[in-house]
Structures are given as C-alpha cells and as structure tokens.
1. Residue 133: which aspartates and glutamates have alpha carbons under 20 Å from its alpha carbon, excluding same-chain residues fewer than 8 sequence positions away?
2. Please compute the Kirkwood hydrodynamic radius over region 136-192, one decimal place, Å, based on all pairs of different Cα atoms.
3. Can you compute the radius of gyration and Dmax for region 211-323, using only the Cα atoms, both in Å?
4. At a 1.4 Å probe, what is the % contribution of carbon and sulfur to the accessible area of region 103-253?
5. Any of 117/237; 143/177; 96/223 with alpha carbons more than 20 Å apart? Name them for me.
6. I need the calculated FRET efficiency for the pair residue 51 and residue 129, taking r as the beta carbon distance and R₀ as 41 Å, to the nearest 0.05.
7. Write down the accessible area per residue of region 38-151 in Å², having rolled a 1.4 Å probe over the full set of protein chains.
8. Any of 59/287; 273/322; 102/317 with alpha carbons more than 20 Å apart? Name them for me.
Amino acid sequence: MAQMENDRLHDGYQKDTSFFHSNNDNENIHILNGLKEDFNLVSGKNIFPVNVFPPMIQKLVGELETTLNFSPDYTSASILYAVSVSIGNRIQLKVKNSWLEKSNLYMVLVGRTGDVKSHSVSFCLHPLMNLDKQNFDQYLLKKKEYEQLPIEEKSKTTVPVLRQLLLNDFTPEAFVKAHYFNPRGIGLYTDEIAGFFNSFNQYRKGSEEESYLSAWSGKPIIKNRISGEEMRVDNTKVDIIGTMQEAILSSVFHSNKLKNGFIDRLLFVLPHKYVDNRWNDLDLDEKYIEWYSEFIEKSFYIAENSEIVLEFHTEAKEYLYKW
C-alpha cells in the first residue's frame, strides 16, 4: 500500500512536489504530472492502516517512532516487505479457482535526506539477515565437508549450494542463480535504489528490466549461458525494496520505465507526516526486538514447512472490490 502525505505537514512544513516534474521531454512531464495528481487525490486519505497489524506490531511501530524517530509509514511498509520475503511463494491467496496471487512487493521509500529511511528498512530486515547468516555458516560447513570427500564419493554427493533470502549486491546472473538455488523466493534490497534502476540493461539492452517485469507477474525466468549451464525458475517470487530522495525521483523514472509499465509495479511510500528527527535519550525495549525477530522467524518456518493457499472471507472480498 503506497503512502501519501498531507499537503500541510508536521510543524507547518509545506511539501515540495517539484520532484514530480521532468525536463526530459513533454511525454515524461505529462506522465510524471499524472503521478503527482494521483498523489494529491489521496493526500491525507491513504495513511497506512497500522491497525491491521497484531497489537504487538502496532506497539512496535509506535515505539520506533518515539525512540528512534522512524516514520510509521516507513516502518510499516518495511515490515510488510519482511513478511513477504519470509513467506516467499509458499503462501498464496486464492482470488479465483485458476487465479492465485503471491505477495510480490516492489517498494520505494521516498523522502528527504536524514529521514532515517534506510535505518527503518535495516531494522525490519535484521531477522532475515540473521537467517541468511545461519544459512551461510551451514553452507561453509557443508562445503568444507564436501571438499574433503574422496573423488569417488564426490560423484555420488550433491554439491552444497548457498541458499539466500536477501541480496543487496548482485549482477543479473547472480540474481537468477540465487533464485534458482532458493526457489521459494528472493528479496532484493538496495539502500539507494536509484542506482539499481539506473543500472538496468547495462549488460544487455532490455533484458534486465524485462526480467523484473516478468518476475513481478510470476512468469518463468530462463537464463542460457555460453558455458552451457542453463537455469530456469518457474514459480518466481521476487520482492524489492529501497530508498530514494525526493529530488531525484523524476530523473530516475523516464523513458521506458514510464512507458512499459514498470513504474506501475512500484509502491511509493511517503510519510503522511515527517517525524521530528532530533536526538533523544529514549531507547527501544529489548522485548520488542526479541518479539519481532520471533515473529519474522515464525513466519519463515511456517512457510518453510508447508504450502498454504489462503481464501477471502466474503466481507474481505467485498471490501477489496469496493476499494
């Protein structure tokens, strides 16, 4: 759910919407101005519904705002992302008999410099990073054991592979390889996501951007290499999150990114108010950190041990259709 902010912000700060304008060409200006109009239509009306979370998560969101100056919008969006990565493609939602949806999220947290956007994301991803560290340690152990096997035993033993949940520094091939080794799904996290978008297609024109468009739709990703090593991921599940400063938004989304539907896959997260980020002596109680870590790990292991298809309650489906 994208978060839109009020026209009149905290402490009388007036939102500067000039970042929606592009000087590239008339078509870009038209599209970006359309995006600006969409934002204004829901300004102050599309505040993140924190009450959808369990009570302890609601409390955590409030405590992070009070103690660490995390915007509730950034925190809530990052929690949704963390849960989506943790469940992967193992938990899906049934819309119709032949229509299942996964929780793919492509998120961009937009704000001013110093809004602790990156810190909000890092905090919420920490439990997943711990799981990745455990997987990495196990991989190194199994790799060492494999390398010590006699040659005849190696031919009968599966080569250990590194299974990751999160990637933050990768090439297109490394992304496909990571998803191939972890078929339940991959989370891509880049601090300054503008660099990620601007690097699209530097290896081969059109291929990388199309791969992410296909992944969002759950379509197969196939990589054929000159070396003869082919990789195919059928049940794709990719989540993306990153941060971006307001001032560079229009310079990043131009040309094909506006024309091929890529921008329509993104959820832009803006704070409905800016949090006072002055330092204070308040600190977050360890119990919230422990509880949140357990919450994400439990979500991961529930999905790891079973495949689940959720169905709408009648009231929920009616609410969705009305929305």
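The values are calculated or read from the model by the stated rules, or taken from the named source; none is laboratory data. These numbers were taken from a predicted model, which means no experiment stands behind them. Because the Cβ atoms are built from the backbone with ideal geometry, glycine has one as well, and the counts that use them run over all protein chains shown. When the accessible area is computed, the model is the full protein with side chains, heavy atoms only, and any ligands, DNA or RNA have been set aside. Shrake-Rupley method; radii C 1.70, N 1.55, O 1.52, S 1.80 Å.
1. 145, 169, 191, 239, 290, 294, 297, 304
2. On the way: mean 1/r = 0.0774 Å⁻¹.
Its Kirkwood hydrodynamic radius stands at 12.9 Å.
3. 20.6, 58
4. Working: 3990 of 7650 Å².
Using a 1.4 Å probe with all protein chains present, region 103-253 comes out at 52 percent carbon and sulfur.
5. On the way: 117/237 24 Å; 143/177 17 Å; 96/223 31 Å.
Beyond 20 Å between Cα atoms: 117/237; 96/223.
6. Values: r = 28 Å, r/R0 = 0.68.
Taking R0 as 41 Å, the efficiency between residue 51 and residue 129 is 0.90.
7. Numbers: 5410 Å² over 114 residues.
On a per-residue basis, region 38-151 sits at 47 Å².
8. Working: 59/287 11 Å; 273/322 27 Å; 102/317 16 Å.
Distance filter (> 20 Å) returns 273/322.
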